[in-house]
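Student: The structure follows.
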Amino acid sequence: MSQRSSVDGTTAVVTGASSGIGEVIATRFADDGANVVVCSRDRTNVDPVAERIEESGGTALAVECDVTDRKAVDELVTATAGAFGSIDTLVNNAGTRFMTEFDDIPEEEWKAVIDVNLHGTYHCTQAAGDLLKEGGGTVINLGLSSAANQRGTPQLSHYSAAKAAVINLTTTLAYEWASDDVRVNCIAPGFVAVPAVESYLGVSAAEIDRDLVDRSIAHPSEIADVAQFLASPSSSHIVGETITVDGVPRIEETPGI
Ligand SMILES: NC(=O)c1ccc[n+]([C@@H]2O[C@H](COP(=O)([O-])OP(=O)(O)OC[C@H]3O[C@@H](n4cnc5c(N)ncnc54)[C@H](OP(=O)(O)O)[C@@H]3O)[C@@H](O)[C@H]2O)c1
């Protein structure tokens with residue numbers, strides 16, 4: 001791997017790294033030589049991820065942190081500074097979704113979805129801001145594919161609204177932080193085969209066969225590829241972009257979850 005496309009020697013915080021896309025991004029960064037801080041709401045979920053990374057020769061710190069809790073997020077940043085002294089990359093990956101028709105969404109569900117997906121991104125980014133600005137860093141947000149944003153996502157109105165806000169926050173903050181040498185970008189996946197949605201998609205990551213040239217469902221490693229690119233110097237002139245990673249969406253279906 002060329003030096004420009006590597007994250008070797010950097011420190012990355014990946015939220016929601018106990019499973020799915022976050023775990024794969026954290027593992028990829030660690031395999032490439034980054035120190036990774038993996039967080040989720042439950043230490044017992046995220047400890048095994050850090051252990052697997054360490055067993056493979058990487059460096060990882062597991063931190064219990066609910067991204068909706070500002071005090072916990074501040075402690076996450078303090079723990080990262082204590083362990084590694086810096087934050088070069090923040091991956092705002094923690095997310096939650098419930099499939100409910102708009103008419104049936106109770107207020108607490110609406111607020112919970114906005115809280116994790118949007119307010120969590122706000123908390124983590126603002127709390128990590130000083131450290132990100134110290135050495136020039138990158139923020140990578142997780143949005144929702146452009147097809148989903150343009151056409152809507154039935155039964156996911158709260159989730160889609162939160163992700164649309166994250167995409168706009170990406171652009172706006174990119175302007176504000178450009179002069180601090182912090183690049184803010186967003187990855188907008190379509191369907192990604194993670195354990196949480198396997199039964200809905202009817203396929204697991206292991207079953208994805210690229211020889212079939214069916215590009216409607218991503219392997220989580222294909223999201224990690226883009227995260228690595230956005231965290232590395234290879235993307236040094238990419239600022240405020242939302243990169244859609246959704247292959248060829250199946251147009252008859254909800255175009256992303
Ligand atoms: N999979 C897809 O098809 C898809 C498509 C488009 C966008 N995305 C986005 O990609 C990101 C990852 O999705 P995924 O499918 O990999 O999700 P997932 O498998 O459901 O994993 C979600 C992660 O977030 C953590 N989490 C949930 N609430 C949290 C909170 N309040 N604080 C901290 N961590 C929390 C969970 O850990 P704990 O339960 O241990 O806390 C878990 O590690 C999300 O932002 C999602 O919206 C996914």
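Student: Please find, within region 98-117, the residue that is surrounded by the fewest Cβ atoms within 10 Å (Cβ to Cβ) out of those that are among the aliphatic types (A, V, I, L, M) and not in a helix (DSSP H, G or I).
Tutor: Residues of region 98-117 that are among the aliphatic types (A, V, I, L, M), as a first pass: 99, 105, 112-114, 116.
Right, trim to not in a helix (DSSP H, G or I) and you get 99, 105.
Numbers: Met99: 12, Ile105: 17.
Checking each candidate, the answer is Met99.
Student: With respect to the numbered conditions (1) within 15 Å of the ligand (Cβ to nearest atom); (2) of a type in the set (S, T, N, Q); (3) outside any loop (DSSP other than H, G, I, E, B), which one is the sole condition not fulfilled by Ser18?
Tutor: (3)
Student: With loosely packed, with under 15 Cβ neighbours inside 10 Å, outside any helix (DSSP H, G or I), more than 8 Å from the ligand (Cβ to nearest atom) and of a type outside the set (D, E, K, R) as the only criterion, which of Gly57, Gly33, Gly82 stands out? Talk me through it step by step, then tell me what you get.
Tutor: Values: Gly33 fails: loosely packed, with under 15 Cβ neighbours inside 10 Å; Gly82 fails: outside any helix (DSSP H, G or I).
After applying the criteria, what remains is Gly57.
Student: Separate question: Give the residue, chosen from Ala224, Ala206, that is over 24 Å from Ala112 (Cα atoms) and away from the ligand (no atom under 14 Å from the Cβ). Steps first, answer last, please.
Tutor: Values: Ala224 fails: away from the ligand (no atom under 14 Å from the Cβ).
Going through Ala224, Ala206 in turn, just one is over 24 Å from Ala112 (Cα atoms) and away from the ligand (no atom under 14 Å from the Cβ): Ala206.
Student: Now a separate question. Looking at region 199-224 only, could you name the residues that are of a type in the set (D, E, K, R), part of a helix (DSSP H, G or I) and loosely packed, with under 14 Cβ neighbours inside 10 Å? Write out each step before concluding.
Tutor: Let us first name the residues in region 199-224 that are of a type in the set (D, E, K, R), namely 207, 209-211, 214-215, 222.
Subsequent filtering for residues that are part of a helix (DSSP H, G or I) retains 207, 210-211, 222.
Once the filter is applied, which keeps residues that are of a type in the set (D, E, K, R), part of a helix (DSSP H, G or I) and loosely packed, with under 14 Cβ neighbours inside 10 Å, region 199-224 yields Glu207, Arg210, Asp211.
Student: Please find, among Gly95, Gly120, the residue that is surrounded by 24 or more Cβ atoms within 10 Å (Cβ to Cβ), within 13 Å of the ligand (Cβ to nearest atom) and not in a helix (DSSP H, G or I). Reasoning before the result, please.
Tutor: On the way: Gly120 fails: not in a helix (DSSP H, G or I).
Matching residue, one of Gly95, Gly120: Gly95.
Student: So Gln155 ticks every box in (1) in contact (Cβ under 8 Å) with a residue 40 or more places away in the chain; (2) farther than 20 Å from Glu23 by Cβ; (3) part of a helix (DSSP H, G or I) but one. Which box is left unticked?
Tutor: (3)
Student: Let me ask something else about it. Those residues that are in a helix (DSSP H, G or I) and of a type in the set (S, T, N, Q), I need them from region 158-191; list them, please.
Tutor: Step one: list which residues in region 158-191 are in a helix (DSSP H, G or I), which gives 158-178.
Correct list: Ser160, Asn168, Thr170, Thr171, Thr172.
Quick note: the coordinates plus some simple rules give every number you see, no bench work behind them. Everything quoted here is computed from the prediction, not taken from an experiment. Neighbour counts run over all protein chains shown; Cβ positions are idealised from the backbone, glycine included.
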